[in-house]
Structure formats: C-alpha cells, structure tokens
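The block underneath contains the structure these notes are about, expressed in structure tokens.
The values are calculated or read from the model by the stated rules, or taken from the named source; none is laboratory data. Owing to the predicted nature of the structure, the values given are computational and were not obtained by experimental measurement. In this analysis, Cβ positions are derived from the backbone assuming ideal geometry, glycine residues included, and neighbour counts consider all displayed protein chains.
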Amino acid sequence: MRVSIVQNEIKWGIRDQNLHSFGTLLKQLYNQTDLVVLPEMFSTGFAVDNPKLAESEKGKTFVKVKQWAKEGNFAIVSSIMTKEGDKYFNRSFFCYPDGTLLTADKRHLFIGDEKRHFTHGNKMLIANYKEVNIRVLVCYDLRFPVWGRYTKENPYDILIYTANWPKDRIDVWDTLLKARAIENQAFVCAANAVGRDSYKVYHNGHSCVLGVRGEVLLSFEEDQISAKTVELDLDFQKKIRERFPILNDIDEFYINC
C-alpha cells in the first residue's frame, strides 16, 4: 500500500487559505498513492479557543475532502473541528475514494481550551481499506497507549496519528511514535503541522512513517512543506508477526468509555 504524508503550514482560523494550500499539495498525489494523511484540524489549525470555526459534516471542508478523494482516487485521513447541536468535537475521519466517511471524535482532549469547549469521543475508528485494517487517532491520544493498543477484538495493521504537536515537546512525539510501532508491530503514519498557532506555539513537523520495528521509512526535514509517499510492505509485516508473535501474548483488558 502506498501511503502519503502531507506536512504543511496551517494558517490558524483561515479556512479558505488552508483548503487552497492543502489542495495544491494533494493534486501532486492524484492517482499516485492509495492513502493520504493530513495534520489534525488541517482546515483551521488547532484554534480551539475559537470553536465558532466548527462546521457540520455538510460543511465546506468535508465537501472538499470528498472531492479530493474522488479526483485523486485515494483515501484521506485527518480531523476537522465539527459541531453537532450545541456541542463541539475534534472529529477524525477516514474518507474513502467514493466519498464514504467513517468518523470518530478525539478521545483525549488536550489540557485547556480543547477540554473546556469540546466533547470527547468514545468510539474507535478502524477502517478496512484494500484489505488492510487502519486505526486512526489524534495528537494527544499518542500519550495514552491503552487507547491505541492492538487487541484481538480490534486488530489493525496501520496506526495513524494526525497532529498539531509543538516543537518544545517534539522529542516526546518522536519517542512515543516509535514505541507505538514496536509494541503493536504496526506501521505508524504520523502527520504533524508546521508554523505558529493561535496561542503563538510553534510547530516544526517531524511527520514520518515508521516500520513495524520502529525503523524510519519516511521523514521530513525540519519545517519542510511537502507531500511524500512511501510503499508499505504488508507481507513483511505479516512475516514479522508470524516469526515473532508477541501479539499472541498481549494482556487482555476492557476500556470503560
């Protein structure tokens, strides 16, 4: 499976400009990849201090995502600031090439305005695409390994993180992504933003794709704006899981949502 990561600067709160800049990068990938991963809240930035930027699933961003997926013949993963009734959500999504959407709301809301204004989710998002199981998580979820753990009831092959992870904690991002790949024998595909947010916090990227032993398969230069693609060897993953079957010995547990 060909997976592409788009690392881009997000203009906080300026939806039309973000849709244009991401659309320009995505057009480079049309008919060249199977799956595209964008940073968290790519159309607004992590502007959780301004929940009025939220939109419904009939809004401009979701419409544009479905258009890109259809025209490019690929699936797209990210999250969008979403509103339902009087509640706000950081809604992750998996959009198939035909426009079908699977969604789940971010489980772990970040300290401060996101936790203050938004409602957390309690549903896992696992998409089956091209006979591959793909688990989708969002930013702060990375710090909570139980929520992202491979289980016999919810197995997956690829673990995706969309994020707005700041530069001053980027070593934590690098370390935990590697840990998640190793402990779950999964490919980890992570898209982070670059640029300064509405809180004047700086993001420097470090988007990547990691192999099932934590090895780097794809990386970005500091602050680089680009779309990059790598092909994942799912047969190799299968061999590793068969020859070193640690997932057979995982502890069973129950998550009370």
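Being free of Cβ contacts under 8 Å to residues at least 12 places away in the same chain, more than 12 Å from the chain's Cα centre (by Cα) and more than 18 Å from N154 (Cβ to Cβ) is true of T100. Counting the residues of region 175-199 that are closer than 17 Å to E40 by Cβ and modelled with pLDDT of 95 or more gives 10.
Of the numbered conditions (1) in contact with a strand residue (DSSP E or B) (Cβ under 6 Å, 6 or more places away or on another chain); (2) assigned to a strand (DSSP E or B), N128 fails exactly one; give the number of that condition. In the conditions (1) in contact with a strand residue (DSSP E or B) (Cβ under 6 Å, 6 or more places away or on another chain); (2) assigned to a strand (DSSP E or B), N128 misses (1) alone.
Condition test on F93, is it at pLDDT 95 or above, assigned to a strand (DSSP E or B) and under 16 Å from the mean Cα position of the chain (by Cα)? Here the answer is yes, as F93 does meet what is asked. Residues of region 1-45 that are among the polar types (S, T, N, Q), under 16 Å from Y161 (Cα atoms) and either modelled with pLDDT under 95 or part of a loop (DSSP other than H, G, I, E, B) (or both): N8 alone. Can you find a residue that is out of contact with any Phe, Trp or Tyr (no Cβ under 7 Å at 6 or more places or on another chain) and free of Cβ contacts under 8 Å to residues at least 60 places away in the same chain anywhere in region 189-199? The answer is no, given that none of the residues of region 189-199 is out of contact with any Phe, Trp or Tyr (no Cβ under 7 Å at 6 or more places or on another chain) and free of Cβ contacts under 8 Å to residues at least 60 places away in the same chain.
Of all the residues in region 98-120, those that are of a type outside the set (S, T, Y) and either surrounded by 21 or more Cβ atoms within 10 Å (Cβ to Cβ) or not in a loop (DSSP other than H, G, I, E, B) (or both) number 13.
Applying a threshold of 8 Å to beta carbon distances and a minimum spacing of six or more residues, or different chains, the list of pairs starting in region 161-183 at a residue that is of a type in the set (S, T, N, Q) and ending at one that is buried (at least 17 other Cβ atoms within 10 Å of the Cβ) and in a helix (DSSP H, G or I) reads T162/C139; N164/C139.
When you scan region 56-81, how many residues do you find that are acidic (D, E) and either surrounded by 19 or more Cβ atoms within 10 Å (Cβ to Cβ) or under 23 Å from T229 (Cβ atoms) (or both)? Matching residues across region 56-81 total 1.
Considering only region 116-129, I want to know if a residue exists there that is among the polar types (S, T, N, Q), at pLDDT below 95 and more than 27 Å from Q237 (Cβ to Cβ). Checked region 116-129: at least one residue is among the polar types (S, T, N, Q), at pLDDT below 95 and more than 27 Å from Q237 (Cβ to Cβ). Of the strands (runs of 3 or more DSSP E) contained entirely in region 179-227, those carrying at least 1 residues that are in contact with a Cys (Cβ under 7 Å, 6 or more places away or on another chain) fall at 187-192, 208-210, 216-219.
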